[in-house]
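Engineer: Dropping a structure here in C-alpha cells format, bear with me for questions.
None of the figures in this text is laboratory data; all of them are computed from the coordinates on show. Worth saying up front: this structure is predicted, and the values here are computed from it rather than measured. Cβ coordinates were reconstructed from backbone atoms using ideal geometry, including for glycine residues, and neighbour counts include every protein chain displayed.
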Amino acid sequence: MQRPLARLRVPDRPVLFTVVFWVVLAATGAVAYASEPSTPPWAVPFGVNLALVAVLWLLLPWRRCEGWRRLLPVAFLLATFALGFTGSAEIHQLLTLLAIANVAFVHGMRAAAVIVGCLTGALFVMTAVSSGRGLGEATVQTVLVIVFAAFVLGMTSAVLEARRRREEAQRLLARVRELTVAQERARMGAEMHDSIGHHLTVIKLSLENAERFRSRRPEAAWDEVRQAKELTVEALADARRWVRALRPLALEGRVGSAALQRLAASFDGTGLAVSFEVLGGEVPLEPDVELVLYRVLQEGLTNAVRHAGARHVDGTLTFSGEAVVLAVADDGRGRDREGRGGFGLSSLAERARAVGGTLVAGDRPGGGFEVRAELPVRAKVAT
C-alpha cells in the first residue's frame, strides 16, 4: 500500500495537476459508460486505455532525465489522445493537455509548443473533414483547445521558473553556509593563534631565560620555570576550550536542550560556575535554530571565561509558543571593546537574523554582561 501512495506524493509533480488528472480520469470513464446503457463493443479497449493512462501517470518523470524514462511522456500523450478513439466523449482532451504539460517539464517548452501546434492542426482537420461539422465549429473547438493549452503551458512555465529559483536559492544557501563555516574557522584560527600562540611564545622565552640563569642566578631560573609552568596550564585550558568549541551540535547523541545542558556542564573545569535552566514546554527545533542556540551559549560561556573575569554564568532557555529565547548572563566586568563587541557577537547576530530571529548583547543593570537570542521554533528566511 505504501508504494502506490508514495507515487501519489511525487515531490516534483504539481499537486494541482494530480488533483485535476484523477478528477478528469474518473469523469472520462463515468461519462463514457453512462452514455451507453448496455455494454458497448468498445468497453474493453476503452477500459484498458484508461488503466494504461493511470499507470503511466504514476510512472511519469517531472524533470529532465535520461534513458527510457524520457519516452514515458510521449507514451502518456499518445495514450490520452487514443481515448478519443476508444470511447471518450471529448473530456479526455484535458488529460491530453496535462500530457503536453508533462512534455514541457521533461523535454522543454519548445517541444510542448510544437506538439500543441500539431495536435490543434490535426484536431481542426478531424473536426472539419472527418466529422463533417463544418469549418465554423472546427474553428471554435480548435481555438478553445489553443486557449486551454496556452493556460496550461503558462502554468507549467511558472512552475518551472519557481523550481529554478528555488534550486538557485538552495545553491546560494549552501554556498552561504560554506562561507560561514570558512569565516568561523578563520576567526577561530586567529583567536587560537592570539591566545595559545601568545602563551607558547612566553613559555619559550621563560625557558630560555631559565637556561641562561641556571648557573649564575638559580633562583631567577626557577622563577622562570614556575612562570612557564603557570602559562602551560593556561595554554592547556585554552586548548580545551577550543576543543569544546569544535564539538558538533549533537554531543553524544544529544540535541535540543540536552545538548545545551551538556555544553554548560563541559565548562565545569574552567573555574566558572554555570547554571542552566529550561522553562516552558520544550518542542522540537529545526537544526538551523538549534545550531544558533548552541553557538550563542558557547560564545557567552567562552567570553565569560576569557574576557569577563566572571565567576558565575546563568543560562536560561525559554519556550514560549512559536518562539524560543536563550539568555546567557554572567557576573563579570561587563562590556569590553576587544572581547565583547568583536566578530563573535556580530557573526551570531547575522546567524540569528538568517533564521528569522534577533540577538542583543550588552551590560546588565546590576553588573555583568548578557547575551539574549530570540528565535522562531521553525526557521524563517529573513526579509
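Engineer: Taking the Cα-to-Cβ direction at Gln183 and at Glu277 and moving 7 Å from each Cα, how far apart do the two end points lie in nm?
Structural biologist: Once both label points are built, they end up 3.4 nm from each other.
Engineer: Which order do the peptides 349-360, 275-286 take when ranked by the mean count of other beta-carbon atoms within 10 Å per residue, highest first?
Structural biologist: With the highest mean Cβ count within 10 Å placed first, the list reads 349-360, 275-286.
Engineer: If you don't mind, another one. Could you order the peptides 211-218, 71-78, 94-101 from most to least packed, using the average number of other C-beta atoms within 10 Å per residue?
Structural biologist: 94-101, 71-78, 211-218
Engineer: Please report, to two decimal places, log10 I(q)/I(0) for segment 100-234 at q = 0.16, 0.18 Å⁻¹ as given by the Debye formula with identical point scatterers on the Cα atoms and no solvent.
Structural biologist: -0.91, -0.99
Engineer: Now for a separate question. Assuming R0 = 25 Å, can you tell me the calculated FRET efficiency for the pair Arg226 and Thr316, based on Cβ-Cβ distance, to the nearest 0.05?
Structural biologist: For Arg226 and Thr316, the calculated efficiency is 0.05.
Engineer: Sorted by packing (mean other beta-carbon atoms within 10 Å per residue), highest first, where do 176-182, 142-148 land?
Structural biologist: Final packing ranking: 142-148, 176-182.
Engineer: Once fully extended, how much extra length lies between Thr139 and Leu236, figured as 0.36 nm per residue of separation less the alpha-carbon to alpha-carbon distance?
Structural biologist: Residue separation times 0.36 nm, minus the Cα-Cα distance, leaves 26.2 nm.
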